[in-house]
Amino acid sequence: MRIVIVGGGVMGCATALELANRGVCDVVVLERAVPGAEASSAAAGMLAAQIESRDEAELVQFVRAREAYAGWAVALREATGIDIAHRRSGVLSIARTDKDLERAHHDVEAQRAWGLRAEVVDGTRARTIERELCEGIAGAAYYPDEAQVDPPQLLRALVVAASKAGVVMRAGATVSTLVSEGGRCVGVSLAPNEILRGDAVVLAAGSWSSLVPGVPADLPRVRPVRGQLVLLEERPPRAGTIVFEGHSYVVPRGDGRVVCGSTMEDVGHRREVTAAGVQSILTAAIAVMPRLGEAELVRSWCNFRPSVASASGAPLVGASALPGLFLATGHHRNGILLAKATADAVADAILKAAAP
Ligand SMILES: Cc1cc2nc3c(=O)[nH]c(=O)nc-3n(C[C@H](O)[C@H](O)[C@H](O)COP(=O)(O)OP(=O)(O)OC[C@H]3O[C@@H](n4cnc5c(N)ncnc54)[C@H](O)[C@@H]3O)c2cc1C
């Protein structure tokens with residue numbers, strides 16, 4: 001059985017590895033640039049299940065995905081020697097005002113009802129958890145089990161593990177169209193004129209998924225939402241806990257690097273880091289951790305969250321209405337968190353469809 005995967009981001013690579021680990025011996029990942037070239041290596045790497053979930057169904061799914069990471073990190077290190085820097089650094093979501101604090105109480109109570117660890121802390125206690133935190137806040141919601149990984153390391157580990165397991169990684173391979181025959185997706189065509197046939201094709205082209213010719217017209221559109229990030233470096237390392245305020249966040253890696261983000265911009269695939277974007281990110285970061293103002297500004301970058309234009313915005317995962325075509329795309333702000341869970345679901349769907 002040959003599986004052809006379009007796109008070598010976290011979704012394509014994780015799905016390829018999962019299939020190879022389950023004994024599928026002919027898996028090809030087609031990546032127009034190099035694996036991990038886009039959103040997946042650009043992400044902040046938070047596994048922020050409790051902060052990011054919008055309802056109870058997502059909370060359960062996200063927490064399960066977060067908890068699966070510990071074992072996955074060990075398995076990837078054993079297979080490759082690469083450490084993806086999985087760390088339960090916890091999240092403080094700060095409340096500036098009494099009204100924010102009321103909301104924090106509400107969120108925390110809802111999560112505790114699900115048996116999750118969460119508490120509302122006052123400003124003094126928040127600063128004992130994260131000594132770099134600003135003064136003058138009403139308090140914070142504290143989620144000690146939230147975690148993080150280092151996305152470029154994750155992508156390296158996935159590529160090495162998948163290659164060792166027999167997956168063929170083709171860089172510089174642009175899929176020019178999906179090929180369908182008799183109402184079934186049977187492969188892809190590659191520029192200039194190669195056809196690669198497969199028993200299943202997996203669409204994992206991130207925010208470009210709707211731009212691949214041949215994608216069924218009735219599939220919800222995946223659109224890009226640009227996010228900018230800034231990397232600071234503290235010497236010596238000081239901050240240790242992820243801090244959120246609204247959509248702004250500060251993610252200390254624990255070694256002095258601090259990733260600050262992010263913007264949410266509807267600007268198509270315009271690949272620009274903007275003055276206003278960096279200004280807003282740095283203003284928010286320094287407001288929550290004032291000593292970041294002394295840190296070195298190392299670099300800034302942007303990339304595109306693949307966001308599904310549907311009422312729920314839920315990612316597109318598993319079998320599609322077109323036989324032979326499977327989906328692993330549209331994970332918006334949580335693709336790193338959901339990578340392994342998605343790979344499992346897509347592998348299940350492919351193997352189920354192939355079963356006699
Ligand atoms: C600024 C920012 C911060 C983020 N932070 C987090 C976070 O903290 N936690 C989290 O869980 N998620 C985060 N995300 C979201 C996460 O990065 C994405 O959801 C995830 O990386 C999407 O993975 P993907 O494989 O679908 O897409 P991508 O990584 O974009 O991969 C798609 C690949 O397909 C390739 N491709 C496209 N078209 C073709 C074609 N025709 N032929 C061949 N190849 C093609 C592209 O070159 C690309 O490499 C963040 C995203 C951004 C932008």
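The values are calculated or read from the model by the stated rules, or taken from the named source; none is laboratory data. From a predicted model like this one, the values you see are computed outputs, not experimental measurements. Cβ sites come from the backbone with ideal geometry, for glycine too, and all protein chains shown count toward neighbours. Only protein heavy atoms, including side chains, enter the accessible area calculation; ligands, DNA and RNA are left aside. Shrake-Rupley method; radii C 1.70, N 1.55, O 1.52, S 1.80 Å.
Below are the figures for this structure:
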{"item": "Matching residues, segment 319-337, being near the ligand (Cβ under 7 Å from one of its atoms), open to solvent by 10 Å² or more (accessible area, probe 1.4 Å) and not in a strand (DSSP E or B)", "result": "HIS332, ARG333, ASN334, GLY335, ILE336"}
{"item": "From VAL159, VAL186, residue being part of a helix (DSSP H, G or I), touching a Gly at 6+ places or on another chain (Cβ under 9 Å), more than 10 Å from the ligand (Cβ to nearest atom) and not assigned by TED's automatic domain parsing to the domain that holds ALA104", "result": "VAL159"}
{"item": "Residue count, segment 302-318 (criterion: open to solvent by 40 Å² or more (accessible area, probe 1.4 Å) and either of a type in the set (S, T, N, Q) or within 11 Å of the ligand (Cβ to nearest atom) (or both))", "result": "4"}
{"item": "Helices (runs of 4 or more DSSP H) enclosed by segment 1-68 - at least 3 residues per element that are in the same structural domain as GLY335 (by TED's automatic domain parsing) and either open to solvent by 20 Å² or more (accessible area, probe 1.4 Å) or within 7 Å of the ligand (Cβ to nearest atom) (or both)", "result": "10-21, 39-42"}
{"item": "Hey, GLU102 closer than 23 Å to ARG253 by Cα, of a type in the set (D, E, K, R) and modelled with pLDDT of 95 or more or not", "result": "no"}
{"item": "Matching option when the condition is within 9 Å of the ligand (Cβ to nearest atom) and either among the small types (Gly, Ala, Ser) or in contact (Cβ under 8 Å) with a residue 60 or more places away in the chain (or both), among VAL243, VAL212, VAL230", "result": "VAL212"}
